[in-house]
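Working notes for the structure below.
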Amino acid sequence: MPKTAYYIPIGPIHPALKEPIRVEAEVEGERIVRVDVKRGFAHRGIEYMGMKRNAIQTLYLSERICGICSISHPYAFVVTAEKALGIEAPPRAQYIRPIIAELERIHSHILWLGVIAHEMGFDSLLFWTWKGREKVLDLLELLTGNRINYSVYMIGGVRRDLKESHIKAIKDAITYYWKFTEQMKEIILSDPVYKARTRGVAQLSKEMALKLNVVGPVARAAGIRMDIRQDMPYDAYADIDVRAVVPQDIVGEAKGDAYDITMVRIYEIEQSLDIIEYCVDNLPEGKILAIPNYPALLAKIRRTKGEAIGAHEAPRGEVVHYLKFDGRDGPSVWKVIAPSYNNINSWAPLLLGAEVADIPIVVAYIDPCMCCNDRVALLKTPEGKVLGYEYIHKKAVEKTRKIEKEVRG
Amino acid sequence: MNIEEVIEKLKESLGDALLNYEIREYEMGIRRKRKLYEVWAEIDRSAFRKAVETIFSLDYPHLHLISGEDNGGDIIKMIYSFGVFYSNPWGEISITLKFDLPKDSLILPTITDLMPGAETNEREIREMLGIEFEGLKNKRHLFLPDDWPEGKYPWRRDEYGVEDMIKHTHKSVKEIRKKGEGNA
């Protein structure tokens, strides 16, 4: 048989991908020899929409950029807008914002741990980790009213205050997650199968990480100590002295593979717990909004001419926003750089020379976040009539009975 | 290296091409106030490549963003933002380069030879603003579909823009009803 290269298209819709993106790989045997990544299946022109709306509307639009880390974009947006407007959030708000952001980091990292377990076919681990994630989602619902898309940030503060009962619930959750993280370390990091499946897979050297401009846990797993909360602190992070979590501080050496990135994410959950604990214990008293009157805020934005670049360290890496106010009540220019924008750069070089079975892990290890796209599957008859649920269920039951009869003879 | 030394380096290598610069200070922290610094430099477009090389000579930077603004006139205002000396607590200095690019020659040298990861950013700017990057190898669309019409750039606010391709994304429900455009 002649030696030929085969072409494997993955996506835009594929069981290994939670969101639409396309990876086209050319393989010789099991080895990948050429890769191309196609993005943009979930591009919705949000920046364009934001440049037509007022700043408060754009703030909540920015929350819809990402469905998982839905507070990261509003955080970067408010930091940037406050820089451009020259206002400062009240101290209490500056302490509440990191609490919400770190709770979100916990749920996002646990989500990723489940996803990567699922990608390598370890589904019991997926269900166990996601069971643990429920508690933080419930807590976020208690604090903000929503499990996702919390809408609590505002330019110059936050919209909801923390009550005594909230603080008690946060403290309970912290105790729960200290235990849960210990268990995760034991179950995930010391599991021989997990280690065999991730050690050396998706390995990114420090030099490559710098050149590919990757950010967040991907860069930190490769040994680069970069973290916006450490390099350019804002809000309460400026009081806390956050330090980037890197594998060389944990085990003495950074390999930059999928195992290291797991380690970085698990230890970052512990770091988040520390940050939340500090913020809750040192929560200042006072008001929560610098300009509580929204028309006044919009009027101030209309009078402001200025631009700023702001960033927030999201669970997946840095989120950078650029805003320009120029006589409108909203941004006249708005540019958003999300972490996956840079992290997807690593796919093509990492997949070259890898094996086909590594594709899901390489694709999932950066925790890609294109955006959430819901789809509905409809079954149609050849004439185009949509089949109802009852009919499909009846057919399924009939088939099961038929197979049962055949098996039992 | 502190902020003054960064400015000195830029002045030294760019000379008159450094048209204007500003050091911005932001005070952060509640209990203990400390300062963060940013450099915003306006340069001549001919010195763009040199300015980027100067930044690379300071430290291997992190590229924050490339963006551009078209306000309908004859120029596109370009913005490149780099971060240097990151991975030090409170140490990152953000350097933002701004320059005007006349619409009759929308060509820039690529920086992908210095930083391969900038390919994503350059491909996005290329398809969104119609700026050609000399030396950029992969010129396929990034976010826009492969069958996107030629000569249409979503961020442009002139005849090359996409106003005619968009229906209601930026209008309020009231505006649509007032004009009686229905639910097209």
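The values are calculated or read from the model by the stated rules, or taken from the named source; none is laboratory data. Just so it is clear, the model here is predicted, and its values are computed rather than measured. Positions of Cβ are backbone-derived with ideal geometry, glycine not excepted, and every protein chain shown enters the neighbour counts. Ligands, DNA and RNA are excluded from the accessible area calculation, which covers all protein heavy atoms including side chains. Shrake-Rupley method; radii C 1.70, N 1.55, O 1.52, S 1.80 Å.
General remarks:
- Note on chain B: with a GNM built from Cα contacts shorter than 10 Å, the maximum mean-square fluctuation among B:Asp16, B:Asp113, B:Asp146 falls on B:Asp146.
- The angle between the Cα long axis of helix B:119-129 and the main principal axis of chain B comes to about 40°, on a 0 to 90 degree scale.
- Electrostatic tally near A:Arg34: other residues with Cβ closer than 12 Å to its Cβ, Lys and Arg +1, Asp and Glu -1, net -3.
- Estimated distance in nm for a label pair at B:Glu8 and B:Asp146, the labels positioned 7 Å out from Cα along Cα-to-Cβ: 5.4
- Note, ³J(HN,Hα) from phi for the range A:26-37, Karplus 6.51, -1.76, 1.60, rounded to Hz, x at Gly and Pro: 10, 10, 10, x, 9, 8, 8, 10, 8, 9, 9, 10
- 10 Å Cβ neighbours from other chains, averaged over peptide B:62-73: 5
- Entry comment: accessible area of chain A is 41 Å² per residue, from protein heavy atoms only and a probe of 1.4 Å.
- Between B:Thr110 and B:Glu134, B:Leu136, the built amide H atoms are under 5 Å apart, and every one of these is 5 or more places off in sequence or on another chain.
- Within a straight-line Cα-Cα reach of under 18 Å, A:Lys171 can be paired with the following lysines, leaving aside sequence neighbours fewer than 8 residues apart in one chain: A:Lys135, A:Lys163, A:Lys179.
- log10 of Debye I(q)/I(0), alpha-carbon scatterers only, for chain B at 0.12 Å⁻¹: -0.70
- The mean number of Cβ atoms from other chains found within 10 Å of a Cβ in peptide A:310-319 is 1, as a whole number.
- Total accessible area lost when A and B pair, probe 1.4 Å, Å² to nearest 100: 4700
- Three semi-axes of the equivalent ellipsoid, chain A, Cα gyration tensor, whole Å, largest first: 38, 26, 24
- Carbon and sulfur %, accessible surface of chain A computed with the full protein complex present, 1.4 Å: 54
- In order along the range B:86-95, the phi-based Karplus estimate (6.51 cos²θ - 1.76 cosθ + 1.60, θ = phi - 60°) of 3J(HN,Hα) comes to 6, 6, 10, x, 6, x, 5, 10, 9, 10 Hz; Gly and Pro are listed as x.
- The Rg/Rh ratio for the range B:52-104 is 1.11, where Rg is the radius of gyration of the alpha carbons and Rh is the Kirkwood radius.
- Cα long-axis angle, helix A:123-144 against chain A (0 to 90 degrees, to the nearest 10): 20
- Across A:Lys83/B:Lys77; B:Lys9/B:Lys152; A:Lys38/B:Lys35, pairs whose alpha-carbon gap is larger than 31 Å: B:Lys9/B:Lys152; A:Lys38/B:Lys35
- Sparsely packed loop sites in the range B:1-58 (the trypsin sites (Lys or Arg not before Pro) outside DSSP H, G, I, E and B with at most 11 other Cβ atoms within 10 Å) comprise B:Arg31, B:Arg32, B:Lys33.
- Note on chain B: GNM, Cα springs under 10 Å; of B:Gly68, B:Gly91, B:Gly29, the largest mean-square fluctuation is that of B:Gly29.
- Residue-normalised convex hull volume from the C-alpha trace of the range B:63-150: 112 Å³ per residue.
- In terms of the mean number of neighbouring beta-carbon atoms within 10 Å, the peptides A:266-272, A:249-255 order highest first as A:266-272, A:249-255.
- Integer Hz, Karplus 6.51/-1.76/1.60 couplings in order for the range A:285-300, x for Gly and Pro: 8, x, 7, 10, 10, 6, 10, x, 8, 5, x, 5, 5, 5, 5, 5
- Cα long-axis angle, helix A:164-184 against chain A (0 to 90 degrees, to the nearest 10): 40
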